[in-house]
Amino acid sequence: MRTLRTFISALLLTCSLLGTVAADTTTLRIGIFPRQTQDKMLSHFQPLAEWLSRRLGHEVVLESAPDFAAFWERVKAERYALVHYNQYHYIRAHRELGHRVILKNEELGRSQIRAAFLVPAYSHIRHIAQLRGMKILFGGGRGAMVNYILARDLLRTGGLRDGDYLMSFARTPVDAINALYYGQADAAGAGDTLIRLQHTPWSDTPNALRVIALSTPIAQLPWAVAAWVPDTLADRIRDALLALNDDPAGRSVLGQAHLTGLRPANDAEYDSVRQIVARVLDEHY
C-alpha cells in the first residue's frame, strides 16, 4: 500500500510539473533594451506586445532593464523568447547563445543608423580633431553599439585614440544628449535617429545642438529569437510583426514605439558590425 501511495504521489507531482511547463509555453516573453529609461521603453512597446498577443493567441509579457549591463545579464540567462537589442548584443547572442535575427527597425524611413557627434550650437568645435582634450559623453555604457562602439570608431577615423579625450558615461543614450544639452560635456556620441526624438528638452529648441561628424551606416537595431524558439513560431512572430507595416492600426502601434516600420533582416547584414567591434574592442564574433 505504501508503494502504491508513493507511486501515486510521484505521478501527481509529475503531472503538476508538466502542467507548469505547458502553461509556460503559452507565454512569450519579450526583452526590450533600455535605449531610453526602462519605464519609457515599456510604455512605448506595450501596444506592440498587445498586437503580438492578439495575433499569436499567446500571452505576451514585455520586460526591460534599468541599464544595458543588467539587460545583457537577462539576455544571457535566456529569459526572453524574442529580444530587441542593439547590434553588439545581437552578434554576441548569435555567437554565444544561437539567437537568430528576424527583423530590424525602420526609423524615420531608414533601416540603417549612423553614429553622430554632437556639440552645443555655441561651441567652437567643428571637427573631430578638435575634440582632443575635451570631455565626451557616451550613453548606455561600453555595451552601446552606436553611441559608444561605433562612435569610438568614428573618433579613430578622425585621428583620435584612447587617452586623447576625457570619457564619461550616461545611463542611456538619451541621457547623454540631455547632459550635453544642459552643458555637462563638450560633446556626446549618439545615434543619428535619436537626435530627432520628440518630447525631449532639445526637441523644443532644435538648433541647440550641432552635428560635427557622422559615421558610415550600419544595419538598424535587430529583433531576434532565442535558439530554443521553434522555426514555426519564429516565422509566426516575424509575420505578425511585419503585418504592422500594412495595417492602419499597426502603423499607430509602430508610431507609439517611435518606428516607421519593421523590415526583414538576416545575419549577414551585421557582418560590418562584427568588423567594427573587432577593431574597437578586439572582440571577435
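Loop-located chymotrypsin sites (Phe, Trp or Tyr not before Pro) in region 150-232 (DSSP state other than H, G, I, E, B) with a sparse environment of at most 15 neighbouring Cβ atoms within 10 Å: Tyr182, Trp228. Projecting label points 7 angstrom from Cα along Cα→Cβ for Val211 and Arg263 puts them 1.7 nm apart. Think of it as helices only: each DSSP H run of n ≥ 4 in the chain is worth -39500 (n - 2.57), and spread over all residues that comes to -12000 deg cm²/dmol at 222 nm.
Here the label points at Thr232 and Leu108, each 7 Å from Cα along the C-beta direction, are separated by 4.3 nm in the simple model. Just checking the listed ones, Asn266, Asn86, Asn105: in the Gaussian network model of the chain with Cα springs under 10 Å, the one fluctuating most is Asn266.
If the chain linking Leu281 and Tyr122 were pulled fully straight, counting 0.36 nm for each residue of separation and taking away their Cα-Cα distance, it would gain 53.9 nm. Here region 46-117 and region 159-231 have alpha carbon centers that stand 18 Å from each other. For the residues Thr27, Thr200, Thr232, a GNM of the chain with alpha-carbon springs under 10 Å puts the largest fluctuation on Thr232.
How much length would be gained if the chain were fully extended between Leu166 and Ala249, taking 0.36 nm per residue of separation minus their Cα-Cα distance, in nm to one decimal?
Contour length minus Cα-Cα distance gives 25.2 nm.
Can you spot the lysines whose alpha carbon is less than 24 Å from Lys104's alpha carbon? Ignore those fewer than 8 places along the same chain. Counting by Cα, and skipping residues close in sequence, Lys104 has these lysines nearby: Lys40, Lys76. For the chain, hydrophobic long helices are taken as DSSP H runs at least 20 Å long by C-alpha position along their axis with mean Kyte-Doolittle hydropathy of 0.0 or more; these are 2-24. Summarising the label geometry, the points placed 7 Å from Cα in the beta-carbon direction at Tyr182 and Lys76 lie 3.2 nm from one another.
Annotation for region 36-135: chymotrypsin sites (Phe, Trp or Tyr not before Pro) lying in DSSP loop with at most 16 further Cβ atoms inside 10 Å of their Cβ are Tyr122.
Readers should treat all values here as calculations from the given coordinates under stated rules, not as data from a laboratory. Not measured: the values here are computed from a predicted model. So basically every Cβ, Gly included, is an ideal-geometry build from the backbone, and we count neighbours across all protein chains shown.
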